Amino acid sequence: MRVGAAVVAMEVAALALATLWFGLVALVVGAPVLLATVLVLVGLWVSRRPLRRLQERRTAQFEPDGPERGGLMSGFFEAPAA
């Protein structure tokens, strides 16, 4: 997300400089390019949301501080409490 924000910031700076140098004609090309970049970044961010949720669920499932999971061999290799 930070890289995308940096790309948009650089595009805005370049568009501002081009507007100062060439005039409003630079907005004819620069504005659609900036809009396309923002739309692509938003699309990528939205498409990564399910993957982030899946990763959060997986990390929550295997927390070492959480309760132990039971199973067929659970406790087999542990020494009994004295």
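Each of residue 24 and residue 58 was given a label point 7 Å from its Cα along the Cα-to-Cβ line. The distance between the two points is 5.2 nm. Per atom type, region 1-58 shows carbon and sulfur on 77% of its accessible surface, probed at 1.4 Å. Largest first, the residues 1, 10 sort by 1.4 Å accessible area into 1, 10. Rolling a 1.4 Å probe over the protein heavy atoms gives region 1-58 an accessible area of 82 Å² per residue.
Available extension along the chain between residue 33 and residue 14 is 5.7 nm, counting 0.36 nm per residue and deducting the alpha carbon span. Within region 1-58, all pairs of alpha-carbon atoms sorted by distance into 10 Å bins from zero give the percentages 22, 38, 23, 12, 6, 1. Along region 29-34 the Karplus relation, 6.51 cos²θ - 1.76 cosθ + 1.60 evaluated at θ = phi - 60°, assigns HN-Hα couplings of 8, x, 5, x, 5, 5 Hz to successive residues, with x for each Gly and Pro.
The values are calculated or read from the model by the stated rules, or taken from the named source; none is laboratory data. This structure is a prediction, so every number in the text was calculated from the model and none was measured. Methodologically, a virtual Cβ is constructed for each residue, glycine included, from the backbone with ideal geometry; neighbour enumeration extends over all protein chains shown. Heavy atoms of the whole protein, side chains included, go into the accessibility calculation; ligands, DNA and RNA do not. Shrake-Rupley method; radii C 1.70, N 1.55, O 1.52, S 1.80 Å.
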